[in-house]
Amino acid sequence: MPIAAPKKKRSLLPLLTVLFLFSYGLMTFLIVEQGSAIQSQSNLIKVLLVDSTELWAAKGKAISDQQVAQADAKTRAHTPSTQAQAPSSQTPSTQTPSTQAAPQHHSQSRAGKIAKPDTQLPPVPASDLVDRRRALSTI
């Protein structure tokens, strides 16, 4: 009778080792790529912050220049003409003081704004109410 040679069991250990090393390589690559993506986003945020600051400064300067121009136009419109009228013949109703002109402009800028409605809480449903008969009381 021939003696049967024992069959070699194929081990999955070499294959699992290769897959393990390959997965660690992919994970390392992913970490490096995420780090570079995060760094580029950080740099972009810094650049946009500088641009935003410059834009707000330019807008603020433009608004202040516009307000100065409006104030100059108002003072030119309210100054009396020396050839048309004598200074003694002016009446208080012909000139508007600057203190009265500013609140009108301020009220015009708030005219389109809507006040926040009062928030109301919804009623508590009956299912949320505690039934005292079934409440557990411990001593």
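Odds and ends about this structure:
- Environment charge at Ser40 (Cβ cut-off 14 Å; Lys +1, Arg +1, Asp -1, Glu -1): 0
- Using the Cα coordinates of segment 1-80, the gyration tensor eigenvalues translate into equivalent-ellipsoid semi-axes of 81, 9, 4 Å, sorted from longest to shortest.
Taken together, the values in this text are just the output of simple stated rules run on the coordinates, not laboratory data. What you see is a predicted model, and the numbers here were worked out from it, not measured in a lab. Heads up, the Cβs are rebuilt from the backbone with ideal geometry, glycines too, and the neighbour counts pull from every protein chain shown.
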